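Peer 1: The structure is given below, and queries will be raised subsequently.
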Amino acid sequence: MMRYLLQLLLAALILGGAGFVAKMLIDSRPPAPKHEVTPVVPIVRALAVHPEAVRVDVTTQGTVAPRTETTLVAEVRGKIARVAPSMVAGGFFAAGEELLTIDAREFELAVVAAQAEVAQRRTALAVERAEAEVAIAQWNELGRGEAPPLARREPQIAQADAALAAAEAGLQQAQLDLERCHVKAPYAGRVWDKRADVGQYVSPGTPLARVYAVDYAEVRLPLADDELQFLDLPLDYQDGVRAGEGPSVTLSTDFAGRTYAWPARVVRTEGEIDPKSRMVHAVARVEKPYARGDNGDAARPPLAVGMFVQATIAGREYEGVFTVPRSALRPGGEEVLVVDAQDRLQPRRIDVLRQTRTTVLVHGGLQAGERLCLTPLEVFSPGMRVQVAEPTAEETR
């Protein structure tokens, strides 16, 4: 029992000594240094914006098509006797130019025969009229009153007159067939492809060539529904009243390593909306597509049919519009961060007029000279202080 009490006393002394030493160490330690925590201020790039007048152009594309294309066909039968030098694929011709001639000898003989028939019928009519005068004179000598129609030979005169009219119609038909032996261009144009040549026998309805007009060309331009608000398009009404001349268009394409442009103008919109794409199609007209360029662009190629072109349609002008880099938009596309005079961030809702791949046009929600934060911030709080840096050249585009 005594031994057990000694062990407890020894343990108590050890614990008490250890506690005393620990307290002495704690009391004798130097005080911990105090450091003032400086808040981290993020660095952002900001751009001052200013309102300006902006014309909102609309870009689209299309394929050049002729304003009129025609398939020339034979109207009489016969062998092709002559083909004009311009009657080749790609050849140009003037309005009224003779493109192709069918052997006309048979039709020339038919005209002569028809002329002879007309002469005979005129003679027969003259004879009937002369006999009618004699018959009327004889009837008057008898003194039996007014001569009846048969005595005046009116039926015979009418028959001879009808025969003359039929002969004259036959002559006109023969002359028309003779004229149709000479296939002439209905307008100034170009040959798309030739389908007949010298020596070939053709019948009425045989295709001879496919041609198209070159006085102007047209380009069919698809437009999305949300782009129409920026354009003053001409509208056609049932009473023929037009809403005015359409906006100007610049057509451009790359050809032989260079980019060329042609001026055009929207002249009409098509009569229906595409049921699949919901697109409205405007038609732009290009005057003299095959004329040479001006002195500054003399090497410009012709605007050939089938060429694919980019089109920039001049849109409406808006006042007081801010052009903002797309990087300034917050997720959702309707809010930006404004850096106030104390370099603090403030969220701001904006009214977006239009968005492109790189810029946003804002027509409400901003003031002149305000600075927009261009640096994306995943986390921020209203009133958060920032350090402002100048934006890069790419960010200001």
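The values are calculated or read from the model by the stated rules, or taken from the named source; none is laboratory data. Only a predicted model underlies this, so the values are computations on that prediction, with no experimental measurement involved. As a convention, Cβ positions derive from the backbone with ideal geometry for all residues, glycine included, and neighbour counts pool all protein chains shown. Ligands, DNA and RNA are excluded from the accessible area calculation, which covers all protein heavy atoms including side chains. Shrake-Rupley method; radii C 1.70, N 1.55, O 1.52, S 1.80 Å.
Peer 1: Let me have the relative contact order for segment 152-234, percent, based on Cα pairs under 8 Å that are six or more residues apart. It would help to have the intermediate numbers written out before the result.
Peer 2: Details: 34 pairs, mean separation 19.2, N = 83.
It rounds to 23 percent for segment 152-234.
Peer 1: Give the peptides 338-346, 61-69 in descending order of average Cβ contacts within 10 Å, highest first. Numbers along the way, then the final one.
Peer 2: Details: 338-346: 14.8, 61-69: 16.7.
Listed from highest to lowest mean packing, they are 61-69, 338-346.
Peer 1: Continuing with the same structure: Summarise the accessible area of segment 253-397 (1.4 Å probe, protein heavy atoms) by the percent that is carbon and sulfur.
Peer 2: 48 percent
Peer 1: Taking the chain as a Gaussian network, Cα atoms linked when under 10 Å apart, which of MET279, MET307, MET384 shows the biggest mean-square fluctuation?
Peer 2: Maximum among the listed residues: MET384.
Peer 1: While we're on this one: What residue among GLU168, GLU378, GLU272 shows peak mean-square fluctuation when the chain is described by a Gaussian network model with Cα springs under 10 Å?
Peer 2: Answer for the Gaussian network model of the chain: GLU378.
Peer 1: Using just the helices of the chain, give the 222 nm mean residue ellipticity in deg cm²/dmol: DSSP H runs with n ≥ 4 each add -39,500 (n - 2.57), and the total is spread over all residues, rounded to 500. Mind dumping the intermediate values first?
Peer 2: Details: 3 runs with 92 residues, N = 397.
That comes out to -8500 deg cm²/dmol.
Peer 1: Which of rounded, prolate, oblate describes the chain, given a ≥ b ≥ c as roots of the alpha-carbon gyration tensor eigenvalues and a/c under 1.5 marking rounded, otherwise prolate only if a/b is larger than b/c? Walk me through the intermediate numbers first.
Peer 2: Values: a/c = 4.57, a/b = 3.89, b/c = 1.18.
It is prolate, given that a/c is not under 1.5 and a/b is the larger ratio.
Peer 1: With a Cα-only, solvent-free Debye model of segment 86-235, what are the log10 I(q)/I(0) values at q = 0.11, 0.21 Å⁻¹?
Peer 2: The computed values of log10 I(q)/I(0) come out as -0.70, -1.19.
Peer 1: Per residue Cα convex hull volume for segment 57-105, in cubic angstrom?
Peer 2: Working: hull volume 6.3 nm³, N = 49.
Expressed per residue, the convex hull around the Cα atoms of segment 57-105 is 128 Å³.
Peer 1: For the charge dipole of the chain, defined by +1 on Lys and Arg C-beta atoms and -1 on Asp and Glu C-beta atoms about the Cα centroid, which residue among PHE308, GLY17, PHE92 has the Cα displaced farthest towards the positive pole?
Peer 2: It is GLY17, whose Cα lies furthest towards the positive end.
Peer 1: Roughly what percent of Cα-Cα pairs across segment 90-172 reach past 14 Å? List each step's numbers first, then the result.
Peer 2: Numbers: 2452 of 3403 pairs.
Considering segment 90-172, 72 percent of its Cα-Cα pairs are separated by more than 14 Å.
Peer 1: How high is the relative contact order of the chain, in percent, counting Cα pairs under 8 Å that sit 6 or more residues apart? Don't skip to the answer; put the middle values down first.
Peer 2: On the way: 736 pairs, mean separation 96.2, N = 397.
Relative contact order for the chain comes out at 24 percent.
Peer 1: Let me ask something else about it. How big is the C-alpha Rg of segment 328-379 next to the rule-of-thumb value 2.2 N^0.38 Å, as a ratio?
Peer 2: Working: Rg = 10.8 Å, N = 52, 2.2 N^0.38 = 9.9 Å.
Ratio of Cα Rg to 2.2 N^0.38 Å: 1.10.
Peer 1: Further, regarding this structure: Normalised by the number of residues in segment 256-397, what is the relative contact order in percent for Cα pairs under 8 Å and 6+ residues apart? Walk me through the numbers before you get to the answer.
Peer 2: Values: 185 pairs, mean separation 24.1, N = 142.
Reported as a whole number, the value is 17 percent.
Peer 1: What angle, in degrees between 0 and 90 and rounded to the nearest 10, separates the Cα long axis of helix 105-142 from the longest principal axis of the Cα atoms of the chain?
Peer 2: 50 degrees
Peer 1: What residue among LEU99, LEU109, LEU150 has the largest mean-square fluctuation in a Gaussian network model of the chain, using Cα springs under 10 Å?
Peer 2: Fluctuation is largest for LEU150.
Peer 1: Still on this model: Within segment 113-206, what whole-number % of the accessible surface is contributed by carbon and sulfur, with the 1.4 Å probe and all protein chains included in the calculation? Before the final figure, lay out the partial values.
Peer 2: Details: 3070 of 5860 Å².
Result for segment 113-206: 52 percent of the exposed heavy-atom area is carbon or sulfur.
Peer 1: Right, next: Please report the net charge: other residues with Cβ closer than 13 Å to the Cβ of GLY90, K and R +1, D and E -1. Don't skip to the answer; put the middle values down first.
Peer 2: Values: positive: ARG190, LYS194, ARG210; negative: ASP193.
Around GLY90, the charge tally is +2.
Peer 1: So how strong a dipole does the chain carry about its Cα centre when Lys and Arg Cβ are +1 and Asp and Glu Cβ are -1, to the nearest 20 debye?
Peer 2: Numbers: 45 positive and 52 negative charges, 445 e Å.
Dipole size: approximately 2140 debye.
Peer 1: Now a separate question. Quick one: accessible area per residue over the chain, 1.4 Å probe, rounded to a whole number of Å²? Could the numbers behind the result be given before it?
Peer 2: Details: 24590 Å² over 397 residues.
With all protein chains present, the chain gives 62 Å² per residue.
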